Amino acid sequence: MSTENVAVIGLQWGDEGKGKVVDALAKACRYVVRFCGGANAGHTVNVAGERFALHLIPCGILHEDVCNVVGNGVVFDPVVALEEIRGLRERGVSIGPENLAVSQAAHVVMPWHKLQDTLSERSLGRGKIGTTARGIGPCYADKANRSTAIRVGDLAQPDVLREKVLHVADIRNRIFAAVYGAEPMDAEEVSEEYAECGRQLAGMIRDTGRMLRRAIHRRERILFEGGQGSMLDIDHGTYPFVTSSSVTACGVPSGAGVPPAAVGQVVGVVKAYCSRVGSGPFPTEQANPIGDRLRERGREYGTTTGRPRRCGWLDTFALRYTADLSGVTELALSLLDVLTGLEELKVCTGYRVAGRAADAFAPDLMADAECTYQTLPGWQRSVSDCRAFDELPAEAQQYVRCVSELVGRPVGVISVGPDRQQTIVYQTKVRGLA
Ligand code: GDP
Ligand code: IMO
Ligand code: MG
């Protein structure tokens, strides 16, 4: 089995810059596969001064000769996907069954999932999760519930779809009216709209697991594109302030339909500081002028929702845990340029909980953690034009080495700006990144 396949995984709370890394690697791969999440993701790729924000379509779509796959582990919103496809086509990207396949076993995000997401967040008030309102949690809940689920394969069978929609809409309408006093949805209208989506997607709905397993036998290289970030993982993140899928490399095999050994190298994408959107613990958060400065310099506003992101120092205690979870073989350190101009930089190396040093990391410690910091000198000279490690100011080199040591992983590449060429190849062992 080929071990050349690579997974690109976010090691923080999402928005680490996965899109840029996937774009860089895609040219050396045959398949780019999403295996988790849905339209809650927002992956940015900058090509020749043009900015693309992708939500459901894998970032490999901007490369010729790459087959892009939306795996069974994704929750697929066909309305959003078709809108995204339309927008990409208008910008000259050709999309069809030859370069996009959607798993027939992926679950469909229906209008009631989005409504449920919004209504339940509203009813939680201050205790809300701070979701993207894309219907992600309710759709995965129906997947687990089975009898109220609709899958992508159903979109291609109008009669089956209609029967399911009428059944589920009736249940949802009664619940929404009783619990939230909401207006009923027109089930026939929904059924027709989604059947039309099915018609437009015809030819792209495939058994993608089988496709990928065949590719493995033929030794065609696969890139697994992570969504969200490891601290948002349903099992291993800061529960309940998480998303609803398995977003670490552990989620790749079941979310793509490939054996675990199909994942060879794992690139863990790490922002040079931390950001988080939505609620939940964030021990290194700087709700002060430092956080404000990181937000402005890093343009930390959500790619999907436009919400300002909470910002703070890098947390290497948490990173060691997320790197271990995914079996990360090397790091991609992004947005290093954003730290330029700060007098000094802090890096969290451990937590104190109830006055005692925690001997091992666990997400549940985060809510009551007091951070232990190592302070490093900052640098003033711009790094945006650096293209080799030794062109970086000495203090920036020291910062990168320190992160690598504290997380216990080599740093493969360093990103010093959003554009493709603003990348420093450092210690990578991944073919295509060098
Ligand atoms: P993703 O969800 O992990 O793909 O990340 P997002 O696209 O949501 O957010 C990352 C943002 O940072 C995007 O606007 C990128 O264009 C931008 N970006 C990526 N790498 C760098 C970098 O090295 N420096 C700067 N300044 N911006 C970057
Ligand atoms: P990418 O792939 C950042 C966050 C939401 C919220 C929590 C639950 O661009 O890194 P959900 O809508 O999934 O039920 O929201 O998860 N979240 C993300 N934050 N980047 C993402 O994706 C995210 N996807 C979900 O802000 O806190
Ligand atoms: Mg994002």
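Worth pointing out:
- Kirkwood Rh in Å, taken over all unlike Cα pairs in the range 274-396: 15.9 Å
- Dipole-positive endmost among Ser254, Leu319, Tyr301 within the range 234-348 (Cβ charges, Cα centre): Tyr301
- Accessible surface of the chain [probe 1.4 Å, protein heavy atoms]: carbon and sulfur percent: 49 percent
- Relative to the globular-protein estimate of 2.2 N^0.38 Å, the Cα radius of gyration of the range 164-276 stands at 1.49.
- For the chain, the solvent-accessible area with a 1.4 angstrom probe is 41 square angstrom per residue.
- Our estimate of slack between Asn288 and Ile175, defined as 0.36 nm per intervening residue step minus the Cα-Cα distance, is 36.4 nm.
- Rounded to 10°, Cα long-axis angle of helix 111-124 versus longest principal axis of the chain: 50 degrees
- Degrees separating the helix 78-90 axis from the principal Cα axis of the chain, which is the longest one: 70 degrees
- Compactness index (Cα Rg / 2.2 N^0.38 Å), the chain: 0.98
- If you wrap the tightest convex hull around every Cα atom of the range 63-198 and split its volume per residue, you get 126 Å³.
- Centroid-to-centroid, using Cα positions, the range 408-434 and the range 275-306 are 24 Å apart.
- Size of the range 231-305 as Cα extents on the principal axes (Å, biggest first): 47, 26, 23
- Taken over the range 144-195, the percentage of Cα pairs per 10 Å bin, counting from 0 up to the bin with the maximum distance, is 26, 50, 23, 1.
- Residues considered: Val108, Val47, Val242. Largest GNM mean-square fluctuation over the chain, using C-alpha springs under 10 Å, is found at Val47.
- Separation of the Arg199 and Leu166 label points, Cα + 7 Å toward Cβ, nm: 2.0 nm
- Computed over the chain, relative contact order equals 20 percent, with contacts defined as Cα pairs under 8 Å that lie 6+ residues apart.
- Simple spin-label estimate for Glu50 and Asp324 gives 4.5 nm between the two label positions (7 Å along the Cα-to-Cβ direction from each Cα).
- Total charge dipole magnitude, the chain, about the Cα centre, Cβ charges on Lys, Arg, Asp, Glu only, Debye to nearest 20: 580 debye
- Label-to-label distance, Ala367 versus Gln427, with points set 7 angstrom from Cα along the beta-carbon direction: 3.6 nm.
- Peptides 358-369, 113-124, 379-390, 66-77 ranked from most to least packed, by the mean per-residue count of other Cβ atoms within 10 Å: 66-77, 113-124, 358-369, 379-390.
- Exceeding the 30 Å Cα-Cα cut-off - candidates Lys20/Lys114; Lys128/Lys429; Lys114/Lys429; Lys27/Lys164; Lys20/Lys346; Lys143/Lys429: Lys128/Lys429; Lys114/Lys429; Lys27/Lys164; Lys143/Lys429
- Using alpha-carbon coordinates, inclination of helix 394-407 to the longest axis of the chain, degrees: 60 degrees
- When Tyr273, Tyr426 are compared by accessible area of protein heavy atoms, the largest-first order is Tyr426, Tyr273, using a 1.4 Å probe.
- Partnerless Cys - the chain, beta-carbon criterion under 4.7 Å: Cys29, Cys36, Cys59, Cys67, Cys139, Cys197, Cys250, Cys274, Cys311, Cys386, Cys402
The values are calculated or read from the model by the stated rules, or taken from the named source; none is laboratory data. Remember, it's a predicted structure, so these values are computed and weren't measured experimentally. FYI the Cβ positions are ideal-geometry reconstructions off the backbone, even for glycines, and counts take in every protein chain you see. Only protein heavy atoms, including side chains, enter the accessible area calculation; ligands, DNA and RNA are left aside. Shrake-Rupley method; radii C 1.70, N 1.55, O 1.52, S 1.80 Å.
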